[in-house]
1. Could you work out the relative contact order of the chain, using alpha carbon pairs under 8 angstrom and six or more residues apart, expressed as a whole percent?
2. Once both axes come from the Cα atoms, what is the angle between helix 74-85 and the longest principal axis of the chain, in degrees from 0 to 90, rounded to 10?
3. Would you calculate a helix-derived [θ] at 222 nm for the chain, using -39,500 (n - 2.57) for each DSSP H run of n ≥ 4 and dividing by the full residue count, to the nearest 500?
4. Note down the magnitude of the dipole of the chain about its Cα centre, charges +1 on Lys and Arg C-beta and -1 on Asp and Glu C-beta and zero elsewhere, to the nearest 20 debye.
Amino acid sequence: MSTTATRQIVHIDEELCNGCGACVSPCAEGAITIVDGKARVVREELCDGAGFCLGVCPTGALTVEERETVAFDHAAAEEQMAAKLKTYVPQECFRCGTDEDHAPLVPVRTQGRSTWVCTHCLPALIHG
């Protein structure tokens, strides 16, 4: 029997979702997948509510809400993350090409698209 808790979890607005899949990769725990052309939180126990997926959504379909749901399952999330490492492809900074293995990357919206920027390039992006 699953226990429930009031906690933060990602909510995906189906009307706004265009099914691009940009949110799938940042979800390290594997809670989000594409189903019938739309992003879905298919395993709520894997969603930690951190919201790394929010910044890369080009349509703003993702938000974090606080509600009653199943408790976060740390063991299952660790298992999913270990499985994802087998097919891991590092994201790259859109400005300099540095990948996330060599510098921290943050999601950013620029010129109408969602992408990644490294922390070295971020100040220049902000300040010009």
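Any read-out appearing in this document is the output of simple, stated calculations on the displayed coordinates, not a laboratory observation. Nothing here was measured: the structure is a model prediction, and the numbers come from that model. Glycine gets a Cβ as well: all are built from the backbone with ideal geometry, and neighbour counts include every protein chain shown.
1. The value is 25 percent.
2. That works out to roughly 40 degrees.
3. -4000 deg cm²/dmol
4. Using only the charged Cβ atoms, the result is roughly 440 debye.
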